[in-house]
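Novice: Quick one: the structure is below, and I'll ask about it shortly.
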Amino acid sequence: QQYPDRYFDVAIAEQHAVTFAAGLAIADKKPVVAIYSSFLQRAYDQVIHDVALPQLPVIFAVDRAGLVGEDGATHQGAFDMSFLRIVPNLVIMAPSNEKELGDMFHTALNLPGPAVVRYPRGGGEGIKVEKSHQLLESGKATVLQEGNDLAILAIGRGVGIARDAAEMLQEKGIRAKIINARFLKPLDEKIICQAGAAQGRLAVLAQRGI
């Protein structure tokens, strides 16, 4: 609505959408490809060859990441975490709430190469979206809660699940450390290894789509 002259509807031509975005990036634009997770599969070759290998600054806004309920089997975003992590030169992020979504798009816009922001179907946590956004350090996780008995590594909506689990564990006298990974790629290996060594137990919660 704000920038109608910057919007291109390519319908269901996913392969064309990605190659078109690559062309825009070569022309010094900063294209955003808004696409469902399940339909990004159709453009996998273009993601690799036209965007990732030449390291073009294309941003993929991957909607419907995870389970999508009544949208049906053809729309389940069940594979993108696996098939995108093996693609070179991609930065992959998953927000835990609306504020983090804004921060991640802001970060993606400032990266020199391609980036993916994956988010689930449905509403968020109801957190107010700020007009200004934080620039995130690529591949840097953040500790949301300290605890000595267990470390929970979570990403996306898994962070909310981790908080709920930590509250239940607290009632049983188990203190859990909560880490919001924020980045699927690159992973913050330092904080993960430190948590594993210090707490001795590490639970992982990937983003779910419900």
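Novice: Answer yes or no as to whether VAL47 is assigned to a strand (DSSP E or B) and β-branched (Val, Ile, Thr).
Specialist: no
Novice: When GLN1 is evaluated against the numbered criteria (1) over 20 Å from VAL117 (Cα atoms); (2) in a helix (DSSP H, G or I), which criterion, by number, is the only one it fails?
Specialist: Failed condition: (2).
Novice: Looking only at residues in segment 17-37 that are open to solvent by 30 Å² or more (accessible area, probe 1.4 Å) and in a strand (DSSP E or B), which one is nearest to THR107 (Cα to Cα)?
Specialist: VAL32
Novice: Hey, among LEU40, LEU56, LEU67, which residue is open to solvent by less than 10 Å² (accessible area, probe 1.4 Å) and touching a residue at least 12 places away in the same chain (Cβ under 8 Å)?
Specialist: Answer to the check: LEU40.
Novice: Considering SER82, SER138, SER96, which residue is in contact with a Ser or Thr (Cβ under 8 Å, 6 or more places away or on another chain) and among the polar types (S, T, N, Q)?
Specialist: Within the list SER82, SER138, SER96, the selection yields SER138.
Novice: Here is a follow-up. Condition first: within 24 Å of the chain's Cα centre (by Cα) and either assigned to a loop (DSSP other than H, G, I, E, B) or of a type in the set (S, T, N, Q) (or both). Now tell me which residues in segment 189-203 satisfy that.
Specialist: Selection gives GLN194 alone.
Novice: Check ASP45, ASP9 and return the single one that is closer than 28 Å to VAL68 by Cβ, open to solvent by 40 Å² or more (accessible area, probe 1.4 Å) and without any contact (Cβ under 8 Å) to a residue 24 or more places away in the chain.
Specialist: ASP9
The values are calculated or read from the model by the stated rules, or taken from the named source; none is laboratory data. In this text the structure is predicted, and so the values were computed from the model without any measurement. All Cβ positions, even for glycine, are placed from backbone atoms using ideal geometry, and neighbour counts span all protein chains on display. When the accessible area is computed, the model is the full protein with side chains, heavy atoms only, and any ligands, DNA or RNA have been set aside. Shrake-Rupley method; radii C 1.70, N 1.55, O 1.52, S 1.80 Å.
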